[in-house]
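Have a look at the structure below before the remarks.
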Amino acid sequence: MNWTAIGLTFKLATLTALILVVVGLPIAYWLSFSQRRWKFLVESVVALPLVLPPTVLGFYILVAIGPHSPLGRFYTSLVGHPLPFTFEGLLFASILYSLPFAVQPFAAAFDQVDRRLIEASWTLGVCRVKTFFKLIIPLSLAGVVTGFVLSFAHTLGEFGVVLMVGGNIEGVTRTVSIDIYDEVQALNYAGAAKTALFLLVISYAVLLTVYAINRRVWEGRRGLLPL
Amino acid sequence: MGSELIVDITKSFPGQLTIDVVFKMALEPPSVLILFGPSGSGKTTILRSVAGLEWPERGVIRYGAETWLDSARGTRLPPQRRCLGYMFQDYALFPNYSVAGNVAFGMEARTGDERHQRVREVLGMLQLEGFQDQKPGQLSGGQQQRVALARAIARRPRLLLLDEPLSALDVPTRTQLRGELRNLLRQLAVPSIVVTHDWEEALALGDTMVVIHDGRVLQSGAPQEVFNHPRDAEVAKIVGIETVMPGRIMDSSEGLVTVEVAGTKLQALAGEESGPDVFVCIRAEDVVLEPVGMRATSARNKLNGLVRDIISMGALVRVEIDCGFLLAAVVTRSALEDLHLAAGSPVMAVVKAGAVHLIPRRDGAHHTKRP
């Protein structure tokens, strides 16, 4: 098994999931609580990666961060080298690609929070930010954990976007799924099978954990609120 | 300029009712204002606007010298900075916090010791000692109501807003907690606005009362005044009680209470009276009119009087009888003709003891504080 690829994949997935918590929570908060009419525009943009072929998404990201785009030039002037085919470029693409897997569970959990509770907090003099951390996050914890783990698991298995934006550079951008593809191309089915099984077991274990945690949280709530 | 709360707001809901109200309340000495009206009349929206949870498109809300809302100048003070206590109809207790956690929720500015002490003090005030570690879901409705109240008063708000504080409770609990709430409001001495559609609550808790219907103020004044002298048939229909008189309990035995109203003795069923001073309330539809000198009836109260006034209300007629105090009765037009009643004619008003409602009166002689 290619442990370098496995290590790289886990590093990528962990960073992606962590950054998505930081980036996704404010987006989800806005989506859930904003009264704006054009909210659906943002909602559908966030959901795009769910339906777009990864190659299409990857292509646009590649163009957007490439040396000919303003964003790409800005990054190059800042760091000294272009973003595509680096780990950072891959991370950026992963974040966009897994955005709905984090934002949608977050927003769904926020939608479930009784607005009266939030108003009650405000009338008690607690500002919006503190209300978010003291009340909304604890009440949405199951959704936050789900979003974190789903975006982690989703990043573990990404292929098309990685290939487009990251390429296939050993130790930099070669992830597990690319490694499996390479093994199959080289007719090394035994190697591919081992890695594939490893990814399957890990993904299943991760999902098992999520559902177990979610169940326990819900049961706990049910126990507390008999209504 | 006197210290008062001024509310003058307009808020419309497209396709639904438009709220357009003006009312004032004195802040010094602190009093209790009742927003009274049927459900859907807009009273909760008015209360939410005062709290800053709802933004009227036009209007002014002033608390003393402070401006909370002034649409013309674009002033909008967020709820956090109004320093008020708001109690939601369904309590809105935080399910993930204990009773103590709920009560302490907004008190971060204080030191740990101060906070701890205040939480204990407030829980004691509301007889919630021993419940501090329970979660709201483990409490009964009455206990949840107390926790919600404790949380609303814990920060010593300058204004207390209670939205239908007792409506989610069953009747026996409601009667009991109404008495407790009355004593608590008096003890706290915080200006309060209470939203209710229950005339007993209005009478028991309120110093002044504003009758709201379809988003407008129909009448305001002392509750007793409004009940006895509704401005028009619309108000009369909404308030639901026609005769309200101060009375004093003279005697009580075998579940029956003798109460004196303006020199006349009435019998009523014993209820939740906490002192001798009560309001005696009689619905006009519970008063039966008979010719003077009729046979014995099972009803305990037979009052001889003179017809003072006859007011037409469509198919029904409201007859006001002077029997030491002014008693209102509602009868059909044909009954009026059968009895040959006109202004000045003698009549006997018959009222069952069970139809005489007694509500504890707050402006009576020195009230004994409950322990």
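Put simply, the amide H of B:Y86, placed in the peptide plane, has neighbours under 5 Å in B:L161, leaving out anything fewer than 5 places away on its chain.
Checking every one of the trypsin sites (Lys or Arg not before Pro) in the stretch B:291-322 against DSSP loop status and a limit of 16 other Cβ atoms within 10 Å picks out B:R295. Close amide H contacts of B:A154 (hydrogens built in the peptide plane, cut-off under 5 Å, sequence separation of 5 or more or a different chain): none are found. Taking amide H as placed 1.01 Å from N in the peptide plane, the amide H of B:I212 sits under 5 Å from that of B:F36, B:G37, B:L218, each at least 5 places away or on another chain.
Note on the stretch A:4-138: Cα-Cα pairs beyond 24 Å make up 44% of the total pair count.
I'd like the residues of the stretch B:65-112 whose 1.4 Å-probe accessible area shrinks by no less than 50 Å² going from the isolated chain to the full set of protein chains. Buried on complex formation: B:Q80, B:F88, B:F94, B:P95, B:N96, B:F105, B:E108. Apolar share of the accessible surface for the stretch A:1-153: 72 percent from carbon plus sulfur atoms, 1.4 Å probe. Chain B and chain A together bury an accessible surface of about 2100 square angstrom, both sides counted, with a 1.4 Å probe and no ligands or nucleic acids included. Counting only protein heavy atoms and a 1.4 Å probe, the stretch B:243-360 has 47 square angstrom of accessible area per residue. Take the Cβ atoms of B:S334 and A:K39, set R0 to 41 Å, and the FRET efficiency comes out at 0.05.
For the stretch A:198-204, the Karplus equation 6.51 cos²θ - 1.76 cosθ + 1.60, evaluated at θ = phi - 60°, returns couplings of 4, 5, 4, 4, 4, 4, 5 Hz by residue, with Gly and Pro reported as x.
Listed by chain and number, the lysines whose alpha-carbon sits under 27 Å from that of A:K130, ignoring those within fewer than 8 places in the same chain, are A:K39, B:K135. Taking Cα atoms only, the orientation of helix A:141-156 departs from the longest principal axis of chain A by about 10 degrees.
Loop-located trypsin sites (Lys or Arg not before Pro) across the stretch B:62-108 with a Cβ neighbour count of 14 or fewer within 10 Å are B:R73, with loop assigned by DSSP. In this entry, chain A is assigned a mean projected area of 15.3 nm², taken as a quarter of its C-alpha convex hull surface.
Considering only Cα atoms, the convex hull volume of the stretch B:128-215 works out to 121 Å³ per residue. Each residue of the stretch A:48-60 was assigned a 3J(HN,Hα) from its phi angle through the Karplus curve 6.51 cos²θ - 1.76 cosθ + 1.60 (θ = phi - 60°); the sequence is 3, x, 5, 10, 5, x, x, 5, 5, 4, x, 4, 5 Hz, with glycine and proline shown as x. Shown for the stretch A:129-176: residues covered by the partner protein chains by 20 Å² or more of accessible area relative to the chain by itself (probe radius 1.4 Å), namely A:K130, A:K134, A:L135, A:L139. Return the loop-located trypsin sites (Lys or Arg not before Pro) in the stretch A:1-75 (DSSP other than H, G, I, E, B) with at most 12 other Cβ atoms within 10 Å of their own Cβ; answer none if there are none. Sites meeting the loop and neighbour criteria: A:R36, A:R37.
Solvent-accessible surface of chain A, taken per residue with a 1.4 Å probe and all protein chains present: 52 Å². Which shape class applies to the protein assembly as shown: rounded if a/c is under 1.5, otherwise prolate when a/b exceeds b/c and oblate if not, where a ≥ b ≥ c are the square roots of the Cα gyration tensor eigenvalues? The shape class here is prolate. Across the stretch B:149-154, rounded Karplus estimates of 3J(HN,Hα) from the backbone phi angles (6.51 cos²θ - 1.76 cosθ + 1.60, θ = phi - 60°) give 5, 4, 5, 5, 9, 4 Hz, Gly and Pro being marked x.
Excluding ligands, DNA and RNA, the accessible surface per residue across the stretch B:4-239 is 39 Å² with a 1.4 Å probe. For the peptides A:174-180, B:183-189, B:248-254, the ranking by mean Cβ contacts within 10 Å, running from highest to lowest, is A:174-180, B:183-189, B:248-254. Percent relative contact order of chain B, based on C-alpha pairs within less than 8 angstrom and at least six residues apart? Relative CO of chain B lands at 15 percent. Kirkwood radius for the stretch B:243-360, taken over all pairs of different Cα atoms as the inverse mean of 1/r, rounds to 14.5 Å. When the other protein chains are added to the chain by itself, burial of at least 10 square angstrom of heavy-atom accessible area (probe 1.4 Å, ligands and nucleic acids ignored) affects these residues of the stretch B:127-142: B:K135, B:G137, B:Q138. Stokes-Einstein diffusion of chain B at 4 °C, 1.567 mPa s viscosity, Kirkwood radius from Cα pairs, rounded to a whole number: 58 µm²/s.
Taking the accessible area of chain B, probe 1.4 Å, and keeping the other protein chains in place, the carbon and sulfur fraction comes to 49%.
The values are calculated or read from the model by the stated rules, or taken from the named source; none is laboratory data. These numbers come from a predicted model, not from an experiment. With ideal geometry, Cβ positions are generated from the backbone for all residues, glycine too; neighbour counts draw on all protein chains shown. Please note that ligands, DNA and RNA were not included when accessible areas were found on the heavy atoms of the full protein model with its side chains. Shrake-Rupley method; radii C 1.70, N 1.55, O 1.52, S 1.80 Å.
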